[in-house]
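Since every read-out is calculated from the coordinates, none of them should be taken as a lab result. None of these values were measured; they are calculated from a predicted model. Counting neighbours? That spans all protein chains shown, and the Cβs are built from the backbone with ideal geometry, glycine included.
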């Protein structure tokens, strides 16, 4: 069985749910909005995997029956806005969500994606260092509370952008008026990057499947092009074999089954990588191009559902990650 | 210099800083993070600067950082407007994860992506880790008295024999920590923490030595 966990109304979750149902797959949706009445009874199985039962308004889920999962949970407070955070009911919702996160991290099931693997995206400079280790070019980056450091950085790079450090969604903005921005930089470390000219390419990786989308826009951040009165044009594109292979390898190396990778191809022929999104909002791209991203994810989940359990394999199908490394028993313990 | 990343309201951290004053120890508080002077280049972390107890210092002068908190809390950022505190706390924690993971000096413990002081796992996760290592885990209703064994680098303190020491070291190794407190009851693990109490003199001496040694 495939378990879906998140909030109905989230377009990617809804689309995958419908796709799996259309394929006649056994799928169960766990609605995070009902977290305050969801009860999770977890246990370890003696071999270091976590299983148990989850009961929500629909009924009971035996987690032993779940062989694959697609999870898109959000902050508990946002999922359950009508519940006061001072209320015991809210604490019950938090407990249920925490239990499900623990299960997702330690389940003997193929989870797309495990929360511990996704967490790297919550620190952009941390993830950027990871990306660089996989051989991609990354923009020179400065995180600072120091005005003088920003000025030195701007002297080295004629065009600079700035954005947030955390996973809190921020808009990439050009540093057009340093005096305006630098006045507040001491209050909070701010991330500045050299501006990389070129064409944006968004790559969705689902297991071994790749879907690449070329994005052309005059906006600095195409996600918010409409705000600046700019258009966005997206078209399917192909990747050089080495770049495609690097995207798959990086996704797998980050212990992810699914990723949305932001690349930029420069006029000088270089490929830069800015970010690896472990829970990509793929519907935005598929709506514009009709590319089969939804199908790729649904097919991946079905493959994983039929694959051998994690405990019997070092990795999932097609070399995809299965679980956290399993330490060997240390000597002297028996 | 040894920087102790902790709340300025943490008496144990303050005591460590005072005791290690001859090693130029200082408290790195939440307030320091919102001061001018931080410079971090992920591609060259050794070249940056930090702000510790209000002083700007080169990262190259740090021999060690001891992390005694899993996160900076929004409630601590009283100098900021209330509506900005949650966002700034998120930014500070994201920055610290990257900075602590990258700086070349000894960091005990290196952060995970969700905790600044090493793994901050629920009990069920430590239980699962114990099972994978073949270590017995005590059920919560077992009422035997418990004791905390502390691992500091390659040393183990308060273990009642080689087996307890092996258990604690195995958990430290498997969780990627240099400092770990493992609570044992009747030979079974009943609790684990990456921020054990540091009241014992011998543990403090060991920790200080590790924080003064270059990795």
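Summary table
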{"read-out": "Inter-part distance where the stretch B:42-114 and the stretch A:277-305 are each reduced to a Cα centre, Å", "value": "36 Å"}
{"read-out": "Candidates A:307, A:129, A:96: whichever shows maximal mean-square fluctuation once chain A is modelled as a Gaussian network with Cα springs under 10 Å", "value": "A:129"}
{"read-out": "Fraction of the pair-distance distribution of the protein assembly as shown above 35 Å, Cα-Cα pairs, percent", "value": "41 percent"}
{"read-out": "Listed residues A:20, A:263, A:182, most fluctuating in chain A (Gaussian network, C-alpha, under 10 Å)", "value": "A:182"}
{"read-out": "Cα pair count fraction exceeding 13 Å, expressed as % - the stretch B:133-176", "value": "57 percent"}
{"read-out": "Residue A:223-residue B:21 pseudo-label distance in nm [points 7 Å out on the Cα-to-Cβ vector]", "value": "4.9 nm"}
{"read-out": "Cα point-scatterer Debye curve for the stretch A:208-266, base-10 log of I(q)/I(0) at q = 0.13, 0.22, 0.23 Å⁻¹", "value": "-0.42, -0.91, -0.95"}
{"read-out": "Contact order normalised by residue count of chain B, Cα under 8 Å, 6+ apart, percent", "value": "18 percent"}
{"read-out": "Whether the stretch B:168-215 is rounded, prolate or oblate, judged on the alpha carbon gyration tensor where a/c under 1.5 counts as rounded", "value": "oblate"}
{"read-out": "Label-zone membership for the stretch A:138-157, site residue A:230, 7 angstrom Cα→C-beta point, backbone N under 19 Å", "value": "A:139-140"}
{"read-out": "Whether the stretch A:1-81 is rounded, prolate or oblate, judged on the alpha carbon gyration tensor where a/c under 1.5 counts as rounded", "value": "oblate"}
{"read-out": "Reciprocal mean inverse distance between Cα atoms of the stretch A:19-136 - Kirkwood radius, Å", "value": "15.9 Å"}
{"read-out": "Stokes-Einstein translational diffusion, the stretch A:122-220 - Kirkwood Rh over all Cα pairs, 1.002 mPa s, 20 °C, in µm²/s", "value": "142 µm²/s"}
{"read-out": "Folded to 0 to 90 degrees: helix B:162-175 orientation relative to chain B principal axis, Cα", "value": "40 degrees"}
{"read-out": "Ranked A:220, A:204, A:159, A:306, criterion: other C-beta atoms within 10 Å, fewest first", "value": "A:306, A:159, A:220, A:204"}
{"read-out": "Ordering of B:63-73, A:242-252 by burial proxy (mean other Cβ atoms within 10 Å per residue, highest first)", "value": "B:63-73, A:242-252"}
{"read-out": "Centre separation in Å (Cα based) which lies between the stretch B:153-215 and the stretch A:207-271", "value": "45 Å"}
{"read-out": "Average beta-carbon neighbours from other chains, 10 Å sphere, peptide A:138-149", "value": "6"}
{"read-out": "Spin-label zone in the stretch A:286-306 - amide nitrogen under 19 Å from a point set 7 Å from the Cα of residue A:62 along the C-beta vector", "value": "A:305-306"}
{"read-out": "At 1.567 mPa s and 4 °C, Stokes D of the stretch B:101-175 from Kirkwood alpha-carbon radius, µm² per second", "value": "92 µm²/s"}
{"read-out": "Cα→Cβ-extended label distance, 7 Å offset, between residue B:36 and residue A:55, nm", "value": "6.1 nm"}
{"read-out": "Modelled label reach - residue A:95, point 7 Å along Cα→Cβ, the stretch B:102-129 residues with backbone N closer than 18 Å", "value": "B:122-125"}
{"read-out": "Pairwise FRET efficiency - residue B:185 versus residue A:88, Cβ, R0 = 41 Å, nearest 0.05", "value": "0.85"}
{"read-out": "Gyration tensor (alpha-carbon) shape descriptor, the stretch B:1-139, a/c threshold 1.5", "value": "prolate"}
{"read-out": "Separation of alpha-carbon centers, the stretch A:114-182 and the stretch A:18-82, rounded to whole Å", "value": "35 Å"}
